[in-house]
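Taking it in order: structure first as structure tokens, then the write-up.
What follows draws every value from the coordinates through simple rules; no lab data is involved. From a predicted model like this one, the values you see are computed outputs, not experimental measurements. A quick note on method: Cβ atoms are made from the backbone with ideal geometry, for glycine too, and the neighbour counts reach across all protein chains shown.
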Amino acid sequence: MKTAHAYAGSQSSAGSVLKECEALGAPLADDLLEGAAEIAAFMFGDKSKTGKVYHLARTSRLPFFRSGTRLCARKSTLLRSIEDQERYNSRRT
């Protein structure tokens, strides 16, 4: 899976993100996770699992982007990525 920076600069993607958030009635900030600890808490229910987050990011298995040196991710993108992996793996078994 490609990381989020593969989509950087894509205005159509940015426009669809904003439209998606507007449709949900939620500000974009509510969809953002800033830092490995927040991503770990969202994905694993434990802020101390940052090592797993860094490993997934390093091996391109986590859709993320950087804000300076901080890892960031969108909740909706993480959930979509997990759903995609589930669909892919269910076809293989």
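Observations on the model:
- Neighbour net charge for Ala36 - beta-carbon separation under 10 angstrom, K R +1, D E -1: +2
- Each residue of segment 36-75 gets 60 Å³ once the volume of the Cα convex hull is shared out per residue.
- Ser90 paired with Arg70, simple spin-label distance in nm, labels 7 Å along Cα-to-beta-carbon: 3.5 nm
- Each residue of segment 59-75 was assigned a 3J(HN,Hα) from its phi angle through the Karplus expression (A = 6.51, B = -1.76, C = 1.60, θ = phi - 60°), giving 9, 6, 9, 10, x, 9, 9, 10, 10, x, 9, 7, 6, 9, 8, 9, 4 Hz with x at Gly and Pro.
- Ser60-Phe42 pseudo-label distance in nm [points 7 Å out on the Cα-to-Cβ vector]: 2.2 nm
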